[in-house]
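The values are calculated or read from the model by the stated rules, or taken from the named source; none is laboratory data. These numbers come from a predicted model, not from an experiment. All Cβ positions, glycine included, derive from the backbone under ideal geometry; neighbour counts span all protein chains shown. With ligands, DNA and RNA removed, areas are computed over all heavy atoms of the protein, side chains included. Shrake-Rupley method; radii C 1.70, N 1.55, O 1.52, S 1.80 Å.
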Amino acid sequence: GRDALPDGFENWAVIRTAWVDSSHGNYFVKTMLRLMAEKPQLGVVGDQVGTPTWAKALALACWGATERKLQGFYHWTDAGVASWYDFAVAIQRLGVQHGLLEKVIPIKSINTDDSPTPASRPSYRVLDKSKILEALSFDAVHWQDQLNEMIAELAD
């Protein structure tokens, strides 16, 4: 079946994720904070929905899968769903709250067709993580709570 691993790979698990962000590197959060500090306004795609995922939470899920010797294919993201626009609005709110941004700028929700992106992406990209949540002894934390922790890291 789809979840069966090839011979010789019995001790392997594959964890698929999406919308990963971190306080290290140049990911969406840091890019948005920079643009919000530089620009008078922003347009952010509002018709693509997924789940932001903090790299730290993904690492904990991978560690949990290793400890429990999970086998097969799994999905992991933080809890909840958002559009890129929702994510940007939350980034700005928390950026101001944590002193990383001095002011609030207008953020407009735009359609994918109005955004210059080279790749075509489906509008709904929320992964079903019920299988891994059942296998782990902890739940996913909502992406807004994870974002708050990550922005607090950036503010330190």
Y27 accessible area, 1.4 Å probe, all protein chains in place, Å² to nearest 10: 100 Å²
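How about region 70-156: which GluC sites (Glu not before Pro) there lie in a loop by DSSP and see at most 10 other Cβ atoms within 10 Å?
Working: sites: E102, E134, E149, E153; in loops: E102.
Sparse-neighbourhood loop GluC sites (Glu not before Pro): E102.
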Residues whose placed amide H lies under 5 Å from that of V14, excluding near-sequence neighbours: G72, F73, Y74
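Add -39500 (n - 2.57) for each DSSP H run of 4 or more in the chain, then divide by its residues: what number comes out at 222 nm, to the nearest 500 deg cm²/dmol?
Numbers: 5 runs with 57 residues, N = 156.
Theoretical 222 nm ellipticity from helices: -11000 deg cm²/dmol.
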All lysines inside 29 Å of K56 as judged from Cα atoms, apart from same-chain residues fewer than 8 positions distant: K30, K69, K103, K129, K131
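Just to confirm the filter: which trypsin sites (Lys or Arg not before Pro) across region 48-89 are DSSP coil and have at most 14 other Cβ within 10 angstrom of their Cβ?
Details: sites: K56, R68, K69; in loops: R68, K69.
Passing both the DSSP loop test and the Cβ count: R68, K69.
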Calculated volume of the Cα convex hull per residue in Å³ (choose from (1) 170; (2) 113; (3) 132), label: (3)
Probe 1.4 Å - accessible area at H24, Å² to nearest ten: 130 Å²
Charge dipole (the chain, unit charges on Cβ, about Cα centre) - positive-most of T66, P40, Q144: P40
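Summing Lys, Arg as +1 and Asp, Glu as -1, what charge do residues with Cβ under 11 Å from the Cβ of G46 carry, G46 excluded? Spell out each step's value before the answer.
Numbers: positive: K108; negative: D47, D86, D114.
So the surrounding residues net to -2.
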For I110, distant residues with modelled amide H under 5 Å away: V44, V45, G46
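So if I place +1 on the C-beta of Lys and Arg and -1 on the C-beta of Asp and Glu, and nothing else carries charge, what would the dipole magnitude of region 15-65 be about its Cα centre? I want it in debye, nearest 20.
Working: 5 positive and 3 negative charges, 26 e Å.
The dipole magnitude comes to about 120 debye.
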Residue with peak Gaussian network fluctuation, the chain [Cα springs, cutoff 10 Å], from S109, S23, S130: S130
Under Karplus coefficients 6.51, -1.76 and 1.60, residue-wise ³J(HN,Hα) of region 62-78 in Hz, glycine/proline x: 5, 4, x, 5, 5, 4, 8, 6, 5, 10, x, 10, 9, 10, 9, 8, 5
Dipole magnitude (debye, nearest 20) for region 1-149, charges at Cβ of Lys, Arg, Asp, Glu: 260 debye
Surface per residue (accessible, 1.4 Å probe) for region 51-92, Å²: 41 Å²
Residue (of A155, A135, S123) at the positive-pole extreme of region 115-156, dipole from beta-carbon charges: S123
Alpha carbon convex hull of region 106-156, volume per residue in cubic angstrom: 164 Å³
Environment charge at E149 (Cβ cut-off 14 Å; Lys +1, Arg +1, Asp -1, Glu -1): -4
